[in-house]
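First up is the structure itself, then whatever we jot down about it.
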Amino acid sequence: MADETSAARNDARLAILELANMISVPMSLNAVVRLNVPDAIWQNGANTPLTAAQILSLIPTPSSSSDPENLQRILRMLASYDVFAEHVDPASSTRSYSLTEIGKTLVTDADGLSYGAYVLQHHQEALMRAWPLVHEAVLDPTSEPFVKANGEPAYDYYGKKPEMNALMQKAMSGVSVPFMKAVLDGYDGFAGVRTLVDVGGSAGDCLKMIMRKCPSVVEGVNFDLPEVVAKAPPITGVRHVGGDMFKSIPNGDAIFTKWVLTTWTDDECKLIMENCYKALPAGGKLIACEPVLPRESDDSHRTRALLEGDIFVMTIYRAKGKHRTEDEFKRLGVLAGFPRFKPFYIDHFYTLLEFQK
Ligand SMILES: C[S@@+](CC[C@H](N)C(=O)[O-])C[C@H]1O[C@@H](n2cnc3c(N)ncnc32)[C@H](O)[C@@H]1O
């Protein structure tokens, strides 16, 4: 028997209980987004520390039986993950909460966007049904847990449910807009490109921002599934084209794709990249923007966010879809015919990967 009195065993018992209760973290995050707590605290930038009761009085749909104590329990736990800052009045011990930098990512902007939609998207019932089946991805990788739980692949399922499709688009826009704002200053790979195709472009936000920043790009083609582009808003200079990237991709001087390769198997990625290759002129670039795993595992926030996203892909999109290392992406490029490869590390989560024909 191990000596349970040692400091190492004490730490281990604590760590395993923290891990075993970890589900409280994302589900509480989902709860505060559903309750509109970040917007209630933000109040057009005031971000004044508020008690749970004050927050409840500001949320759009309070009920007469709303319980401030339970909200405070959630806020307190999320404060330990630095989503909220906790302020304790020394005299009365009253707790109040403001938003940290992390909490501010959940505040809706003038266009109604934030990371909140991404949090809600991940915790919809159909996705949640897949999570108890993660072990099935090990026992039988021929179909992902989402299929086992819901009978069909995620994109087919979203396609039949307009509200899920709309939330997916909102989630993608909410994540992509701040990312594009951050990287476009540090990357000049679109210079000289006239026609740019965005493969899996969703609502077209990335294309819109690239075109705003890079004046040479005068024609944008936002290419996605027909049911997705049908809901995309009109954007000046952008043609929304519905289709299937596994069949063919519209021609362009360069191709951009973000957060697409990751959700597919190696064979599927090779097919998508071969279709990109066919759609490009000699010397043309495929600019992919994907999470790239470090070779070594460690406990940094970056590595954890990337490895956690990898399990999400395995569970929801493809049992053999995955986050890849730089070497794995380079190898896929070569298999699809691209002789040149260059990575650009600007953002902590996504890496820009240039594959040149
Ligand atoms: C994770 S989302 C990324 C969206 C967008 N690029 C972004 O980063 O905000 C993946 C996109 O691929 C699209 N997609 C899935 N299957 C596709 C297919 N067969 N052909 C074209 N697009 C597809 C989805 O509809 C979705 O918009």
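Laboratory data are not the source of any read-out in this text; all were calculated from the coordinates shown. Predicted model, so just to flag it, every value in this text is computed and none were measured.
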Item to check | Whole-Hz couplings from phi, Karplus 6.51/-1.76/1.60, listed for the stretch 240-254; x for Gly and Pro | outcome: 8, 10, x, x, 10, 5, 7, 9, 7, 10, x, 5, x, 5, 8
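Under the definition of Cα pairs under 8 Å and six or more residues apart, what whole-number percent is the relative contact order of the stretch 174-356?
On the way: 355 pairs, mean separation 34.2, N = 183.
In percent, rounded to a whole number, it is 19.
So what's the back-of-envelope 222 nm ellipticity for the chain, counting only DSSP H runs of four-plus at -39500 (n - 2.57) apiece and dividing by all residues, rounded to 500?
Numbers: 17 runs with 154 residues, N = 357.
My calculation for the chain gives -12000 deg cm²/dmol from helical runs alone.
Please figure out what share of the DSSP beta bridges in the stretch 265-357 is antiparallel and state it in percent, rounded to the nearest 5. Before the final figure, lay out each step's value.
Details: 12 of 14 bridges.
Here the antiparallel bridges make up roughly 85 percent for the stretch 265-357.
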Item to check | Rounded, prolate or oblate (a/c below 1.5 giving rounded, otherwise prolate when a/b exceeds b/c) for the stretch 145-204 by Cα gyration tensor | outcome: prolate
Item to check | Mean shadow area of the stretch 108-173, taken as a quarter of the surface of its Cα convex hull (nm²) | outcome: 4.7
Checklist entry - Hey, what's the Cα Rg ratio for the stretch 174-356 versus the globular rule of thumb, 2.2 N^0.38 Å? => result 0.97
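If you wrap a convex hull around the C-alpha atoms of the stretch 1-104 and split its volume per residue, what is the figure in Å³?
Working: hull volume 14.5 nm³, N = 104.
About 140 Å³ per residue, rounded to a whole number.
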Checklist outcome for this item: the chain, Gaussian network, Cα under 10 Å: of PRO132, PRO343, PRO153, the residue fluctuating most is PRO132
Checklist entry - Around HIS240, which amide H atoms from residues at least 5 apart in sequence, or from another chain, sit under 5 Å from its own amide H, with H modelled in the peptide plane? => result ASN222
Item to check | Two-decimal log10 I(q)/I(0) for the stretch 86-219, as the Debye equation yields it once each C-alpha is a single scatterer, q = 0.19, 0.20, 0.21 Å⁻¹ | outcome: -1.09, -1.12, -1.17
Next on the checklist: For the chain, I need the span (max minus min coordinate) of the C-alpha atoms along each principal axis, in Å, sorted largest to smallest.
Outcome noted: 71, 57, 39
Checklist entry - Given Cα pairs under 8 Å that are at least 6 residues apart, what percent is the relative contact order of the chain? => result 12
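DSSP H helices in the chain with Cα extent of 18 Å or more along the helix axis and mean Kyte-Doolittle hydropathy at least 1.0?
Values: long enough: 7-20 (20 Å, 0.39); 162-183 (31 Å, 0.40); 266-279 (20 Å, -0.69).
Flagged H segments: there are none.
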